[in-house]
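*Asks:* One structure, as C-alpha cells, below. Some questions next.
Coordinate-derived values only; no laboratory data. If you're wondering where the values come from, they're calculated on a predicted model, not measured in any experiment. Cβ coordinates were reconstructed from backbone atoms using ideal geometry, including for glycine residues, and neighbour counts include every protein chain displayed.
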Amino acid sequence: MGYTHFFRNKTGSKGYIKALSIVRKVLKKHKDIIQYEYNDTRAASCTKEMIRFNGIGDNGHETFWFENGQFDFEFCKTNRKEYDIVVCSVLLVLAHFMPDLVVSSDGFNGEITNGKIDISDIDGEWKNAIEAVKEYDITFKEVVDIS
C-alpha cells in the first residue's frame, strides 16, 4: 500500500479553527516543498473549510486533504516523499487542538489522540515533526520511543 498516515474525527470541527493560524505557519515555513497539487503551482490551501497540499512534481504523491467536520476515516499516502514532514507536522498541530482527532501511521505503532502520543517505534518524519511543532508551543504529554 505504501507509507501512509491515517486520521479520523468522529465529533466534527471542535478545535479546528484554533489550529488554523499555526497550520498556516507550518505551510508557509515549507512553501518551497509544497503546493496545491503536485502539478498545480497554486499555493497550499488552508481555510476554515479545509487544508489541502501536496509535494511539488516528482516530490509529490497523494494530496493531503483535511476537511473541517466529522469523518470516519481519511488517509494520505506520502511514500516518504519530502513533504511528509509537512503532513506529520500538520497532523500534530491538528491533534493538539482537536481532542477527538485520532491519528495513526505506518510511521509508528499506536496512535495520537486526546493530546497524548502513545506510540513506539517512531519512523519517518515523526521525530522531526514532534521537535518542529515545539516552535509553536505544542508538546504532547507522553512520547514513548523504544527504538
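*Asks:* Projecting each Cα onto the charge dipole of the chain (Lys/Arg +1, Asp/Glu -1 at the beta carbon, about the Cα centre), which of SER13, GLY110, ILE33 comes out farthest on the positive side?
*Replies:* After comparing all options, I get SER13.
*Asks:* In a solvent-free Debye calculation with one equal scatterer on each Cα, what is log10 I(q)/I(0) for the chain at q = 0.13, 0.15 Å⁻¹, listed in the order of the q values?
*Replies:* With one equal scatterer per Cα and no solvent, log10 I(q)/I(0) is -0.50, -0.68.
*Asks:* Set the Förster distance to 22 Å, then compute FRET efficiency between PHE73 and THR11 from the Cβ-Cβ distance, nearest 0.05.
*Replies:* FRET efficiency, PHE73 to THR11: 0.95.
*Asks:* Restricting to DSSP H runs of at least four residues, report the calculated mean residue ellipticity at 222 nm for the chain, -39500 (n - 2.57) per run over all residues, nearest 500 deg cm²/dmol.
*Replies:* Taken over the chain, the calculation gives -7500 deg cm²/dmol.
*Asks:* A further question follows. Enumerate by residue number the GluC sites (Glu not before Pro) in region 2-76 meeting two conditions: DSSP loop (anything except H, G, I, E, B), and at most 13 other Cβ atoms within 10 Å of the site's Cβ.
*Replies:* Counting only loop positions with at most 13 other Cβ atoms within 10 Å, the GluC sites (Glu not before Pro) in region 2-76 are GLU49.
*Asks:* Placing unit charges on C-beta atoms (Lys and Arg positive, Asp and Glu negative, everything else neutral), compute the dipole magnitude of the chain about its Cα centre in debye, rounded to 20.
*Replies:* Using only the charged Cβ atoms, the result is roughly 620 debye.
*Asks:* Need the full-extension length gain, ASN114 to ASP58, defined as separation in residues times 0.36 nm minus the C-alpha distance. One decimal, nm.
*Replies:* 16.7 nm is the gain from fully extending ASN114 to ASP58.
*Asks:* On to the next question. Using Cβ counts within 10 Å as a stand-in for footprinting exposure, how do LEU20, LEU91 rank, fewest first?
*Replies:* LEU20, LEU91
*Asks:* What whole-number distance in Å separates the alpha-carbon centres of region 1-59 and region 62-114?
*Replies:* Centre-to-centre (Cα) distance: 10 Å.
*Asks:* Hey, in the GNM for the chain with a 10 angstrom Cα cutoff, which one of SER105, SER120, SER89 fluctuates hardest?
*Replies:* Taking springs between Cα atoms under 10 Å, the residue moving most is SER120.
*Asks:* Listing LYS10, LYS116, LYS18, LYS81 from the residue with the fewest other Cβ atoms within 10 Å to the one with the most, what is the order?
*Replies:* LYS10, LYS18, LYS116, LYS81
*Asks:* Now for a separate question. Among THR11, THR78, THR113, whose mean-square fluctuation peaks in a Gaussian network model of the chain (Cα, cutoff 10 Å)?
*Replies:* Greatest mean-square fluctuation among the candidates belongs to THR11.
*Asks:* Please name whichever of PHE71, MET50, SER120 sits farthest to the positive end of the charge dipole of region 4-136, dipole taken about the Cα centre and charges placed at Cβ: Lys and Arg +1, Asp and Glu -1.
*Replies:* Among PHE71, MET50, SER120, the one farthest towards the positive end of the dipole of region 4-136 is MET50.
*Asks:* Then there is this: If Lys and Arg each add +1 and Asp and Glu each add -1, what is the summed charge of the other residues whose beta carbon sits under 12 Å from the beta carbon of GLU82?
*Replies:* Its environment carries a net charge of -2.
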